Amino acid sequence: MYEHNGEKYFIVDSHMHYWNAAPDNWVPGAEQYAKGWIECFHAYQGLGPPETHWTIEHFQKYSEDDLMKDVFEDGHVDVAIFQPTDLKEWYKEGFNTTARNAEMGKKHPGKFIYNTNFDPRNGDAGLEELKRNVETYGSKGVKLYTAEWNNGSRGYKLSDPGAYRFLEAAQNLGIKNVHVHKGPTIWPLDKDAFDVADVDHAATDFPELNFIIEHVGLPRIEDFCFMATQEPNVYAGLSVVIGGLMHALPNFFAKCMGELLFWVGEDKMTFGSDYGIWEPKWQVEGFVNWEMPDSEAFSDYPKLGVAGKKKILGLNAARLYDIEVPAEYQLPAEAGTPAAQDDAQLVAGA
Amino acid sequence: MSSSALLKALETVRDPELDEPITSLGFVASCAVSAAGDAQVRLRLPTYFCAPNFAYLMVADAYDAVAALPGVRHAEVVLEDHFASDVINDGVAAQAGFVQTFDGEAVSELHHLRANFLRKAVMAGTDQVCRPLLAAGTEPAALLAMTLGELPPSRALDRLRSRRSELGLPAGDDAALLIDPVTGAPVTAENAPLHLRKAKLTRVSIEANSGICRGMLRHRYNDTRGQGEKTPAVDSPEP
């Protein structure tokens, strides 16, 4: 919960992690990838304010106490959603698995939601595992890492028949939200790794599921926006947008926010700190204080008011995940319904 | 043959995704040429996991640019600190082409990918030349009737013409300012507002991406500057 100028904000961190990327967890023979991966993440942290930077050793493996302090005590977060990333090709126990998240989270009832994941390339065994995970952890969401390496394969597409089989199964198990990360090294390598066309197909064919594109398809925000504007069930996950741009490149942050507000709309954007890449405290405080600049360059972007910030920081995700929000944090009826799907028509007025 | 001639050749090589020279982006860690004409270039990228297809294109293009110099007898271009460094470096040195370099992982060369990103560059470039006109009071509808020859000269216009030429799109004085970047057909009045909006968004995307890449490169190499690196007014509040 964050209070500012008499306004109370309910904060859902819809995209965060609890990983172990220290050398004790590196797979022998894959050390260079395990090391390269976490160093790449660490470089992203460099885009945040200097006083929030960690040493690489701390960044590789932070403790439960660190997380509870950074996210809840200092970070204003009410409910946090764990997004797992297995990466077992490189990390012995996985990078950040549902099991590891839940093991820690069960000591703090009500604070966490455990998303799980699947990989269509794991076939029937993978389906069984998905079922087990949903039953064990009560997952309502999955995080899909289409670029994850798996037995020599460097990725898959969400529109593959194998992926559809899993999406169907997930839906039958009660999964509502599909978080998709778009990242490098998707197979085949000769195509654009960040192409979101596969999500477009899946979103059309699974209208009951919500697709949250994490990092808004950066670095292809334009492809994401053109797609999201046509698909009522596609949402913009703001992890990396706030963490990576708001401090380091404030004018580009404003331009990206302006484009997202125009193409996607404030009802379909969700805050995620991407912790441990960035701490939520400066992101939440900075975002509540942020205003679209007044100058000419920003004049054709929508403004973002208090109601919009409340939606983005928590109310939209709360609705997607059926999180109960105390009355004092809710919006008056005239401020619209958080996470409403009909904003998809915005561009008609472009 | 001097290393400044070498650097000049490398200035013609662009990051296809960011549409900027690899030199000004800071991707050239070092470049040197011996009296006998042996050229050595070391390239670096913002992360260990930068997309291997774009990385390959930059290394291969750099090799071609350097090898084509009259004074160069032997060219060596090496990408450092990347998960696919060895594969890419060996493939480029052997002039193997992308498919053979990534045997079994790629099914076609990268012309299609390159063209796709050139089209994005055309869209972004369209915003760059239109924005000053709009700021000066030109009505959006008037842009529809304009040709490239009617625009005031600028570097942005030269760049737009060059990208359009590369794609085989009309780029002469009588060519329409607003065209579909796939077909080259003039944009219709009905589609113009959306076209301009997309052009603006594409430019924001490329420039924000470029800002992130520069920030990560600085972090990765502790502010050690690349050969020919330029620090633009990257986070400009201006359109």
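The values are calculated or read from the model by the stated rules, or taken from the named source; none is laboratory data. Fair warning: this is a prediction, and the values are worked out from it, not measured in the lab. Using ideal geometry, Cβ is built from the backbone for each residue, glycine included, and neighbour counts are taken over all protein chains shown.
A few notes on this one:
- Of the numbered criteria (1) away from chain B (no Cβ under 14 Å); (2) surrounded by fewer than 23 Cβ atoms within 10 Å (Cβ to Cβ), the one A:F253 fails is (1).
- Single match in A:G276, A:G237 (criterion: in contact (Cβ under 8 Å) with a residue 12 or more places away in the chain, more than 14 Å from chain B (Cβ to nearest Cβ) and touching a Gly at 6+ places or on another chain (Cβ under 8 Å)): A:G237
- B:P152 being within 14 Å of chain A (Cβ to nearest Cβ) and either over 30 Å from B:E76 (Cα atoms) or in contact (Cβ under 8 Å) with a residue 40 or more places away in the chain (or both): no
- From the list B:V122, B:V66, the one residue that fits, being modelled with pLDDT of 95 or more and either assigned by TED's automatic domain parsing to the domain that holds B:R42 or touching a Phe, Trp or Tyr at 6+ places or on another chain (Cβ under 9 Å) (or both), is B:V66.
- Of all the criteria given as (1) of a type outside the set (S, T, Y); (2) under 29 Å from B:L194 (Cα atoms); (3) within 14 Å of chain B (Cβ to nearest Cβ), the one not satisfied by A:D198 is (3).
- Residues being touching a residue at least 24 places away in the same chain (Cβ under 8 Å) and either within 28 Å of A:K268 (Cα to Cα) or part of a helix (DSSP H, G or I) (or both) - total across region A:25-41: 5
- Filtered residues of region B:91-108 (kept if more than 7 Å from chain A (Cβ to nearest Cβ), in a loop (DSSP other than H, G, I, E, B) and more than 17 Å from B:F54 (Cβ to Cβ)): B:A94, B:Q95, B:A96, B:D103, B:G104
- Test result for B:A55, crowded, with 19+ Cβ neighbours inside 10 Å, within 26 Å of B:N222 (Cα to Cα) and of a type in the set (G, A, S): yes
- Here A:L218 clears all of (1) at pLDDT 90 or above; (2) at the interface with chain B (Cβ under 8 Å from one of its Cβ atoms); (3) closer than 20 Å to B:M123 by Cα except the condition numbered (1).
- Contacts under 7 angstrom Cβ, first residue in region B:76-94 being over 17 Å from B:E105 (Cα atoms), partner in a loop (DSSP other than H, G, I, E, B), 6 or more apart: B:E80/B:R44; B:D81/B:R44; B:D81/B:Y48; B:H82/B:L45; B:H82/B:Y48; B:H82/B:C50
- Filter result for the condition that a residue is more than 21 Å from A:P219 (Cα to Cα) and aliphatic (A, V, I, L, M), over B:A175, B:A199: B:A175
- Inclusion of A:L47 among residues that are crowded, with 18+ Cβ neighbours inside 10 Å, within 14 Å of chain B (Cβ to nearest Cβ) and on the phi > 0 side of the Ramachandran plot is not warranted.
- Within region A:50-70, the set of residues being under 14 Å from A:E285 (Cβ atoms) and away from every other protein chain (no Cβ under 14 Å) comprises A:E51, A:D70.
- Yes/no for B:D174 being assigned to a helix (DSSP H, G or I), surrounded by fewer than 17 Cβ atoms within 10 Å (Cβ to Cβ) and modelled with pLDDT of 95 or more: no
Residues are listed down the side, and each one gets a yes or a no for (1) away from every other protein chain (no Cβ under 13 Å); (2) in contact (Cβ under 8 Å) with a residue 12 or more places away in the chain; (3) surrounded by fewer than 21 Cβ atoms within 10 Å (Cβ to Cβ); (4) under 19 Å from the mean Cα position of the chain (by Cα):
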residue	(1), (2), (3), (4)
A:M246	no, yes, no, yes
A:E296	no, no, yes, no
A:Y301	no, yes, yes, no
A:I312	yes, yes, no, yes
A:Q341	yes, yes, yes, yes
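- Positions within region A:88-103 being hydroxyl-bearing (S, T, Y) and within 18 Å of the chain's Cα centre (by Cα), in sequence order: A:T97, A:T98
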